[in-house]
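A.B. asks: Sharing a structure here in structure tokens format.
The values are calculated or read from the model by the stated rules, or taken from the named source; none is laboratory data. The structure presented is a predicted model; accordingly, all values stated were derived computationally and were not measured. Methodologically, a virtual Cβ is constructed for each residue, glycine included, from the backbone with ideal geometry; neighbour enumeration extends over all protein chains shown.
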């Protein structure tokens, strides 16, 4: 039996990792087949790490996609800049490394919570949120699990109108992965 | 130097062949056959070196399970300078009695035969090529094992004497005690005889001095070794450490009191220094071939690479040969900056296949990361 | 002589690594304090590896040198480019990553053999070399050892006129690593 990583998740921190893992497992991926590349704590900004690793992971994804059915999930906070701006940073970085832009048929999904992942989690928890406030970190990263699982179960349904715009945009990325 | 091995019908090794360089890194999933190669080397070493019965070493159940062949075949090529020895052994098993006999055993030096043992008859050849009178021999044993050194069989003798320099070890520090009943010339497979081995090595004062110097650099506080008497022939190995506050005063510990990691470091550096020592190698007449199964076990992360660098240097200078089994990223990423890796795997639980590792352009992912993802070979 | 706690060697391949390690060791650096960061075999051009890693290693060096006596030795072949171009590429890599330029007092030495490290090695072996030809790899990387050791021993003396210009340039980098040699 093959034991290769089916999904690689490139993200800024442990909260993103917990979020992504919970979501993917609920969507049917085996934990053992998910490989996390998380920005090391305390060494520079998570956003910069993701941006720099992104081309490497895209190259790795493209090198292996003929042999292995794999996907790449990228999670990076928008912070104070628009989601499209963050997306452009990633695409520019790809171009700097002389790589072709991401294609529609590639299983590379880019998820950019604004202002950060906590915005989405609090929304799932039923709270009123906006995309400007920095809601700060949770004491326990695992607190998001039941809410993420619930969202994963209902992911095919349309989001309510008051959902953060960045979450609505992220949903269109889902089809590349699940 | 070990040049080539061929193994057929031993566990998962079927028609298996591998050529070796100065450094060789075996990688791959567990159960892939890496340790089976080491096992084979060890059994051949014991067969020729310790007069063991063939059926004791190569049991009926060691044959490849999905094959019905009763013949196991082994070939070993060892280089000596620019020439090479070739040792061939075929073992025939009897299904009913579950015994085994030597079908043939041959030793060649380049194309020159040195020994042929077939059909219970041994034909020996002198160094000058002259054949001696054949004689009958027990096919449950190695004929080579019973040849005594003479002035006219130096070529054969060299091969026999080289075999013990094949150090096949999976070092288990918890088994490394400090008691020694006698000196031992070579380390055991688990290095549980370290004290006895060091007792032998320390006769060479130069080596003892160098080892002390090396350990003072890599083992914080290490000062020196000392043997204390524990009976007429028994000795106990003690290790002395300096204390920060009292650099002139050392505290002694029984060797067995050291941590697993400390004992592992000591074992590894002793191997490196013994491999270079004049006395241990008989002034370079023989070279150590280190076959180490996961040598980085028990070591702290910063301790791994310095030892690997030392080992790599010795190997590339031709002073020692290394065959390493590793799962550790620190070893893998350092060593695979050279094309020395072999990937062992078994498809559908059948025979082992080996591929040379060639890291393709994967955008800057380390080899260990590719392996962790299962992307290196799949 | 600086007692380095740690010195990283960032380089393109095993031959450069062996060259650098032998040199440093012959200059008195404890071999166990030398940490090689070598481009994995078969990967993209070693030059790209060094260029990508260089800013990270500089940042690391700056952080660690606050606490420890650290050094960074960088080796990268010039190939068909000029040594100054290769140096400029490395400086650009720093700039692109928001890392400030290398400062004079920093123990960061950048050594750029042209055309490649084999040019220097064959020169040290006494052969006539130029900086255009590609010289063959050594049979064993360690074959350069005694020549590199001799270079290290005589590092304070000026090189001969016929020495490759890139080697002369490299000698000017030495005081970054061994300030007592200045």
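A.B. asks: Kindly evaluate residue B:327 against the criterion of being modelled with pLDDT of 90 or more and surrounded by fewer than 23 Cβ atoms within 10 Å (Cβ to Cβ).
C.D. replies: On the way: modelled with pLDDT of 90 or more: yes; surrounded by fewer than 23 Cβ atoms within 10 Å (Cβ to Cβ): yes.
Yes.
A.B. asks: Tally up the residues in region B:61-99 that are outside any strand (DSSP E or B) and buried (at least 17 other Cβ atoms within 10 Å of the Cβ), please.
C.D. replies: Adding up the residues that qualify gives 3.
A.B. asks: Look through region A:40-85, keep the residues that are within 12 Å of chain B (Cβ to nearest Cβ) and part of a loop (DSSP other than H, G, I, E, B), and return whichever of them is nearest to the chain's Cα centre (by Cα).
C.D. replies: Among those residues, the one meeting the criterion is A:70.
Conditions (1) buried (at least 19 other Cβ atoms within 10 Å of the Cβ); (2) within 16 Å of residue B:376 (Cα to Cα), marked per residue:
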{"residue": "A:11", "(1), (2)": "yes, no"}
{"residue": "A:23", "(1), (2)": "yes, no"}
{"residue": "A:30", "(1), (2)": "no, no"}
{"residue": "A:54", "(1), (2)": "yes, no"}
{"residue": "A:60", "(1), (2)": "yes, yes"}
{"residue": "A:67", "(1), (2)": "no, yes"}
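Residue-wise test of (1) buried (at least 17 other Cβ atoms within 10 Å of the Cβ); (2) at pLDDT below 90; (3) closer than 22 Å to residue B:372 by Cβ; (4) touching a helix residue (DSSP H, G or I) at 6+ places or on another chain (Cβ under 6 Å).
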residue: A:40; (1), (2), (3), (4): no, yes, yes, no
residue: A:80; (1), (2), (3), (4): no, no, no, no
residue: A:83; (1), (2), (3), (4): yes, no, no, yes
residue: A:105; (1), (2), (3), (4): no, no, no, no
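A.B. asks: Continuing with the same structure: Out of everything in region B:212-240 that is surrounded by 14 or more Cβ atoms within 10 Å (Cβ to Cβ) and out of contact with any strand residue (DSSP E or B) (no Cβ under 8 Å at 6 or more places or on another chain), what residue ends up being nearest to residue B:257 (Cα to Cα)?
C.D. replies: Applying the filter and picking the extreme gives B:219.
A.B. asks: Next up: Can you tell me which of B:58, B:20 is free of Cβ contacts under 8 Å to residues at least 60 places away in the same chain and either farther than 17 Å from residue B:168 by Cβ or surrounded by 15 or more Cβ atoms within 10 Å (Cβ to Cβ) (or both)?
C.D. replies: B:58 is the lone residue from the list that is free of Cβ contacts under 8 Å to residues at least 60 places away in the same chain and either farther than 17 Å from residue B:168 by Cβ or surrounded by 15 or more Cβ atoms within 10 Å (Cβ to Cβ) (or both).
A.B. asks: Can I ask one more? Closer than 30 Å to residue B:375 by Cα, at pLDDT below 95 and touching a strand residue (DSSP E or B) at 6+ places or on another chain (Cβ under 8 Å), is that true of residue A:177?
C.D. replies: yes
A.B. asks: Something else now. For region B:36-54, indicate whether the set of residues that are at pLDDT 95 or above, buried (at least 17 other Cβ atoms within 10 Å of the Cβ), more than 14 Å from every other protein chain (Cβ to nearest Cβ) and part of a loop (DSSP other than H, G, I, E, B) is non-empty.
C.D. replies: Scanning region B:36-54, I find no residue that is at pLDDT 95 or above, buried (at least 17 other Cβ atoms within 10 Å of the Cβ), more than 14 Å from every other protein chain (Cβ to nearest Cβ) and part of a loop (DSSP other than H, G, I, E, B), so the answer is no.
A.B. asks: When you scan region B:215-232, do you find a residue that is farther than 22 Å from residue B:314 by Cβ and touching a helix residue (DSSP H, G or I) at 6+ places or on another chain (Cβ under 6 Å), even just one?
C.D. replies: Looking through region B:215-232, at least one residue is farther than 22 Å from residue B:314 by Cβ and touching a helix residue (DSSP H, G or I) at 6+ places or on another chain (Cβ under 6 Å).
A.B. asks: Of the numbered conditions (1) surrounded by 18 or more Cβ atoms within 10 Å (Cβ to Cβ); (2) modelled with pLDDT under 95; (3) over 17 Å from residue A:176 (Cβ atoms), residue A:19 satisfies every one except a single condition; which is it?
C.D. replies: Of everything listed in (1) surrounded by 18 or more Cβ atoms within 10 Å (Cβ to Cβ); (2) modelled with pLDDT under 95; (3) over 17 Å from residue A:176 (Cβ atoms), residue A:19 misses just condition (2).
A.B. asks: Then there is this: When residue A:99 is evaluated against the numbered criteria (1) assigned to a loop (DSSP other than H, G, I, E, B); (2) away from every other protein chain (no Cβ under 12 Å), which criterion, by number, is the only one it fails?
C.D. replies: (2)
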